[in-house]
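Contents: one structure, followed by commentary.
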Amino acid sequence: MNRDPLDPLTALRPWEAPEVTSWGRLPMNAVDRRSESLPLDGDWRFQLLPVPDAPVGGPWSSAHVPGVWTMQGTDDLPQYLNIRMPFAEFPPLTPSANPTGVYEREVSVPADWAGRRIVLQVGAAESVLLVHVDGRPVGISKDSHLAAEFDLTGLVAPGSSSTLRLTVVKWSDASHIEDQDQWWHGGITRSVLLYATDPLHLADVTVRAAYSGELRVDCRVRDAGGALPEGWYVSGDLDGLPLTQDTEFDRLNAEDERVSDFLGEARMGATVPEVRTWNAETPELYGLTVRLHRSDGTVADMSYHRIGFRDVEIVGRDLLVNGERVYIRGVNRHDFHPLTGRTVSYDDMRADLVLLKRFGFNAIRTAHYPNDPGLYDLADELGFYVVDEADIESHDHAHEIADDPRYLNAFVDRVSRMVLRDKNHPSVIIWSLGNESDYGANHDAAAGWVRRHDPTRPIQYEGAAKLGWADPGVASDIACPMYAPLEDCVAHALSGEQTKPLIQCEYSHAMGNSNGTLADHWAAIESTPGLQGGFIWEFWDHGILQRVSDGRPVGRGGAGLYDNGVAAPGYRWAYGGDFGERLHDGAFIADGVVFPDRTPKPVMYEHREIAAPVRIEAYRHEGIVLGNHQHFRGLDWLSGEWELSLADGRVLTAPAELPDLRPGQTAAVPLPFALPVDGGEAWLTLRITTAREEAWAPAGTVVCLPQVRLREATVSAVENRSGTVQVDDDGLLVHPLLAAAPALSLWRAPTDNDELGGMALRWRAWGLDALVRKVVDMRWDGDQVTVLAEYAAEVGVVRHVQVFTPVEGGVRIEESAELPDALADVARVGSVFETVPGLDLMEWYGPGPWESYPDRRTAPVGHHSVPVDELFTPYLRPQESGGRNGVRHFRLSAPDATGIAVALDEPRQVSVTRFRAEDLSSVAHHDQLVPRPGCVVHIDAAHRGLGTASCGPDTFPSYLVAPGVHRWSWTLRAL
Ligand code: IPT
């Protein structure tokens, strides 16, 4: 069938008409029809047109709905861009090449739907949806992240079949306000379904459930014409508790016979005695059923809601949930999947949220658009505070669009439809007007609509807040900056001028090996009234699973082709540029706290400890002081076990009795062990686990591992000389288990922060990546050898001294490096050496077991044992990885127990991997790495913090490596 040239939908050219946000689309509402619908998901006939008004006529292929065609075998592949638009045309114009997907299928309409109202729901389509039934135009919708409903009554015939066509135009005026930092795709990304109702039906239900237990339910009914018949009424119950009818149907148009969409509204209510209130820690939900009755009492329509009783308010500069100033431990989350692009299943979303719960997160910003409806059900159920964000980001043309009246409708439409959809979710505590779209009259118009429609929740918008964090005149009730330096936040809170809660909408950019200073942020947040938290950028590394051989996305069939954050051989995680995009923003799309397969990165463990609900406040003569850092819960849901680690390897355990503490309380508990007099440094860990099954974790899941040092390390005596040391003619240590002798290292494979923050550029300019060692002196003093080497950097010479002394079973190495002042802020100062193959197990005493760095090191000190291959974190773009901070001593051993033992003079940054720094810095993808058979070992006297400079502040000055003299010493022994 060819497209009718007179088809009114295409004739309108709605893809270049920002004023047209929809046509023929039903109003958004909060009545969930998913459970009683006819699903239309599956394979549809499909063809991809080069432009929206090209004739349909080519051969049909097939495409899966929901799904993006950019991941289903077409030549239109994903493209990653952050800020820049993928085409040069100014808003509202579109490029001349505009891929347009035509989806078609037959739909058999059940015979028993005769006489009923029949509605099509398209979950989401990007970016313009045109609907036809049997060739007849039905409607248009925009907003790629909200559902569109169309009334098909009279267009389809119950008992027979109709042809449903959904045409999806990729580029439109709307693309200019959907310029989020993510992959560009095209397609239908959420489910399509059909449902039927009585012609007179519940059009919307609005629930207000307060902390006091007061419930108000407003019901609106609608008919496609006609008047509300006498005697119809609503009823409701809350888990069996009947609601009272507060107002009967107020007939809006029965008398004057004006044609109105709404026929009437009625209000019901209840006061719930001893109400179990909702908060993110104890997300108590009630089941609300609303029924619309005919005059004879039979039920014409029904709506079911899971609701939660809670209050949200801003008092002074505090955001309060149920009167409590809760900390917002948030993350920004996109709807993302490495096989389907943007289509996420309920199970996927549940897995996301379960993981976040297990790692101490309690809040989500739905960056940067309304997420799949299932996410909000899960957030209600599992307990998250949600900042619900409208689908508006005009980043590339932000200034033009914010005040462009042609886009006014779109702003109000997108914000209001999100509110209409999500208003009954207790998890949603704040509405966000969008992201990175400057600030203009269009925002104020949308904010005005929200303030009238839902006065129960605050609004936030970063673009407005940045005009003045305390400015009462801007459309943001929250001071919600992105990537603000911590000192600015603290200064604002201390200035006496703060008027709004300060909750960063984005902070701690998680690109690659990152999130340095997260613990410092939280130390400041928890000690500075006025600071209440923030949302880490972001949850996902958006790597798409790609076949290396042909560069194609694998798509839906790829399950099982990845594990533990790594793609199987022959596959990789694609980032910007990997699909041959001419314009792209590279690995900036890989900036999440989880890998594309949801494997947590080390920062997740760091976060879990930072968010610990139970903490060891102090160790005093009366015992260990424990504190409850939750807002609403006691400790009864937790179990504890004490673990005492001594430096000499002994570990003692004992069950812990957790005291009965209300939120904010502390109590001392007796020390569970008599501290052995010997054994050196001693650390006491409280292993906190879930006592019973939680909705998000089985019993026994680790919740946090708070720790306190009971005794400092004792300084060990200087060792007696014994044996001999061998160095070669170049002054390099000769040792049977070392494949490369210890040399100086000032370089690390640049992290994304190092690259984008400009440090790597400087380091390369200084020549630190290719320093050449030159021996300038060697001296023997009996059996002790001193070697002086020089490394000439572009800006000065680094002098490195190594003193080798034979000791019992090995060699002691005392080193110093003198960096000229010009070498301020290098990556590391330390030794690097390589072992022979076969030493595949690392055991160490220090923080762990997860990866840690000087500014990301909240890991408990103890004895850890990890295979060398698992020490390395497979960041998508290879970079410095696998470090362990604060290591006191470690061994590398073979299965036959041969190997080396290294004792450090003081806790040092150590890394043991299969890769030299240059191995990592010379490739772009993890699959290009070739592991070396031996171990590459770094022992650093100083190692630069990670910071977050790829987008946001660098690390703090205290975590930088200073020039001048660095000294370190260590002992190497054979096992
Ligand atoms: C900010 C964006 O809001 C977010 O979508 C993402 O792009 C993030 O940065 C970086 O990954 S915008 C940035 C220009 C501050």
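Of the residues that make up region 878-889, is at least one farther than 24 Å from Gly679 by Cα, open to solvent by less than 20 Å² (accessible area, probe 1.4 Å) and β-branched (Val, Ile, Thr)?
No - not one qualifying residue is present in region 878-889.
Return the residue satisfying two criteria in turn: it lies in region 952-963 and is more than 10 Å from Ala942 (Cβ to Cβ) and in contact (Cβ under 8 Å) with a residue 24 or more places away in the chain, and of such residues it is nearest to the chain's Cα centre (by Cα).
Only one residue tops the list, namely Gly952.
Quick check on Asp896: is it touching a residue at least 12 places away in the same chain (Cβ under 8 Å), more than 16 Å from the ligand (Cβ to nearest atom), open to solvent by 10 Å² or more (accessible area, probe 1.4 Å) and not in a strand (DSSP E or B)?
no
Return yes when Thr685 is modelled with pLDDT of 95 or more, in a strand (DSSP E or B) and open to solvent by 70 Å² or more (accessible area, probe 1.4 Å) and no when it is not.
Judged against the criteria, Thr685 is not a match.
So which residues in region 858-879 are hydroxyl-bearing (Ser, Thr, Tyr) and without any contact (Cβ under 8 Å) to a residue 60 or more places away in the chain?
Ser865
Looking only at region 599-622, count how many residues are β-branched (Val, Ile, Thr) and open to solvent by less than 10 Å² (accessible area, probe 1.4 Å).
Selection size over region 599-622: 2.
Hey, any hits in region 953-968 for a residue that's buried (at least 19 other Cβ atoms within 10 Å of the Cβ), within 16 Å of the ligand (Cβ to nearest atom) and assigned to a loop (DSSP other than H, G, I, E, B)?
yes
Assess whether Gly679 counts as being outside the structural domain of Glu526 (by TED's automatic domain parsing), on the phi > 0 side of the Ramachandran plot, without any contact (Cβ under 8 Å) to a residue 60 or more places away in the chain and not polar (S, T, N, Q).
Considered against the rule, which asks whether it is outside the structural domain of Glu526 (by TED's automatic domain parsing), on the phi > 0 side of the Ramachandran plot, without any contact (Cβ under 8 Å) to a residue 60 or more places away in the chain and not polar (S, T, N, Q), Gly679 comes out as yes.
Could you tell me whether Asp311 is open to solvent by less than 30 Å² (accessible area, probe 1.4 Å), among the acidic types (Asp, Glu) and under 29 Å from Gly269 (Cα atoms)? Steps first, please.
Values: open to solvent by less than 30 Å² (accessible area, probe 1.4 Å): no; among the acidic types (Asp, Glu): yes; under 29 Å from Gly269 (Cα atoms): yes.
Against the criterion (open to solvent by less than 30 Å² (accessible area, probe 1.4 Å), among the acidic types (Asp, Glu) and under 29 Å from Gly269 (Cα atoms)), Asp311 does not qualify.
If you take the residues of region 83-103 that are surrounded by 19 or more Cβ atoms within 10 Å (Cβ to Cβ) and not hydrophobic (A, V, I, L, M, F, W, C), which of them is farthest from the ligand (Cβ to nearest atom)?
Tyr103
Need at least 3 residues that are within 16 Å of the ligand (Cβ to nearest atom) per element, so show me which helices (runs of 4 or more DSSP H) inside region 355-466 make the cut, counting only ones lying wholly within it.
Values: elements: 373-382, 398-402, 408-422, 441-453, 462-465.
Filter on region 355-466 gives 398-402, 462-465.
If a residue must be free of Cβ contacts under 8 Å to residues at least 60 places away in the same chain and assigned to a helix (DSSP H, G or I), how many such residues does region 494-521 contain?
Within region 494-521, residues that are free of Cβ contacts under 8 Å to residues at least 60 places away in the same chain and assigned to a helix (DSSP H, G or I) number 2.
Suppose the filter is in contact with a strand residue (DSSP E or B) (Cβ under 9 Å, 6 or more places away or on another chain) and either farther than 30 Å from Glu719 by Cα or outside the structural domain of Asp855 (by TED's automatic domain parsing) (or both); does Gly964 pass it? Break it down stepwise before answering.
Working: in contact with a strand residue (DSSP E or B) (Cβ under 9 Å, 6 or more places away or on another chain): yes; either farther than 30 Å from Glu719 by Cα or outside the structural domain of Asp855 (by TED's automatic domain parsing) (or both): no.
Judged against the criteria, Gly964 is not a match.
What's the number of the condition Gly58 fails, among (1) open to solvent by less than 60 Å² (accessible area, probe 1.4 Å); (2) touching a residue at least 12 places away in the same chain (Cβ under 8 Å); (3) over 23 Å from Leu339 (Cβ atoms)?
All conditions pass for Gly58, except number (2).
Just to confirm my filter: which strands (runs of 3 or more DSSP E) fall fully inside region 8-96 and include at least 3 residues that are under 30 Å from Ala402 (Cβ atoms)?
Strands (runs of 3 or more DSSP E) meeting the threshold: 79-81.
Just the residues that are more than 15 Å from Met482 (Cα to Cα) and either open to solvent by less than 10 Å² (accessible area, probe 1.4 Å) or within 16 Å of the ligand (Cβ to nearest atom) (or both), please, taken from region 512-524.
Gly512, Asn513, Ser514, Gly516, Thr517, Trp522
So which of Asp318, Asp335, Asp311, Asp404 ends up being more than 17 Å from Glu538 (Cα to Cα), under 25 Å from the mean Cα position of the chain (by Cα) and among the acidic types (Asp, Glu)?
Matching residue, one of Asp318, Asp335, Asp311, Asp404: Asp318.
Restricting attention to region 449-475, report how many residues are within 16 Å of Val419 (Cβ to Cβ) and in contact with a helix residue (DSSP H, G or I) (Cβ under 7 Å, 6 or more places away or on another chain).
Number of matching residues: 7.
The values are calculated or read from the model by the stated rules, or taken from the named source; none is laboratory data. A quick note: this is a predicted structure, and the numbers were derived from the prediction, not measured. Here the Cβ is made from the backbone with ideal geometry for all residues, glycine too, and neighbour counts use every protein chain on show. The protein model used for the area step is the full one, side chains on, heavy atoms only, and it has no ligands, DNA or RNA in it. Shrake-Rupley method; radii C 1.70, N 1.55, O 1.52, S 1.80 Å.
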